[in-house]
Amino acid sequence: MLGLLDAIHLRRRIKLLDDQSVAFRRKYGTSQSRVILFLPWGISIERAEFLRLLPASYFSCYETPQGIVSSTPRIPVDSLTGLEKAFQDDLGTIRNAGRKPLLIGMSMGNFPATYLANKHGLDLISIASGHSGDWLTFNSPAASHIRSKAESAGLSQSDFTGLIAPLSPVNHLAHLGSGSQFIFGTYDHYIPKQSREILIARLGKERPDIPITKVPLGHLATIVLWKFLVRAYEDS
């Protein structure tokens, strides 16, 4: 299995998403749950349900805006702003019920999940994350069409760094909840090794208390099998 599924999928023609869109959808699940889920880029709620990515119970599930990876530097930031505004409602509802939210981020869903968990001191389950969105836009094979579009417009990675890097996972680890955990696939073709190693090194420096699980799987397999890889957590 390893990274074969990634390699096959990346060879297929990538369906072009609307990289200028900040729209997203949210689905509510069980009102007694404390889990808030942020899906991978390009995965709809319906597709996630079909693939059984959703936990047995969850409070809310967010589709990641298609523009979370964009050829326009400002669009990922606007995408995060929109998600954060909606998230405030869920945060308040769960806290008012006497529970502490638990965020689950998958792939690019970690862009909002890590930022919000760190901002509010919440537990995070991070699955297949990279360190920084600006770097991944110009270095991940999954974003090659976005990189080409940006370069055709005369843009380079440096045009994205000032806006996106400060909001990216590698810069939002210090205040994560003590019940957080990170899962990485060591054969991940979507998140290059350098990006994973930077994030793991920063975790080791800033949050050595947070457990890291490394599995010999690719990006897609790590996400699909996350329920079998995650350490026990309470949804109460």
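Structure notes:
- Lys, Arg +1 and Asp, Glu -1 on Cβ, resulting dipole of the chain about Cα centre, debye, nearest 20: 320
- Among 176, 51, sorting on how many other beta-carbon atoms sit within 10 Å of each Cβ, with the fewest leading, yields 51, 176.
- When each full DSSP H helix of the chain is screened for a Cα extent of at least 24 Å along its own axis and an average Kyte-Doolittle hydropathy of at least -0.5, the helices passing are 74-96.
- FRET E, pair residue 20, residue 228, Förster distance 30 Å, beta-carbon r, rounded to 0.05: 0.25
- Sites residue 151 and residue 212 - FRET efficiency at Förster radius 45 Å, r taken between beta-carbons, to 0.05: 0.85
- Cα lying deepest toward the dipole's positive end in region 64-158, options 158, 65, 141, charges on Cβ: 65
- Within the shell of other residues whose beta carbon sits under 13 angstrom from the beta carbon of residue 138, the net charge comes to -1, with Lys and Arg scored +1 and Asp and Glu -1.
- Taking a straight line from the alpha carbon of residue 227, these lysines sit under 28 Å away, with near neighbours fewer than eight places off in the same chain left out: 15, 27, 100, 119, 193, 205, 214.
- Semi-axis lengths (Å, descending) of the ellipsoid that matches the C-alpha gyration tensor of region 44-110: 23, 18, 8
- Linear extension gain, residue 88 paired with residue 30, 0.36 nm per residue minus alpha-carbon span: 19.1 nm
- Principal axis box of region 57-194, alpha-carbon based, largest edge first, Å: 50, 32, 26
- Burial ordering of 182, 138, 50, fewest other beta-carbon atoms within 10 Å first: 50, 138, 182
- Cα-based reach from residue 85 at 15 Å (exclusive), listing aspartates and glutamates while leaving out same-chain residues under 8 positions away: 63
Here, each number is a calculation from the coordinates, and none is a lab measurement. This is a predicted model, so every value here is computed, not measured. Every residue, glycine as well, gets a Cβ built from its backbone with ideal geometry; the counts of neighbours run over all protein chains shown.
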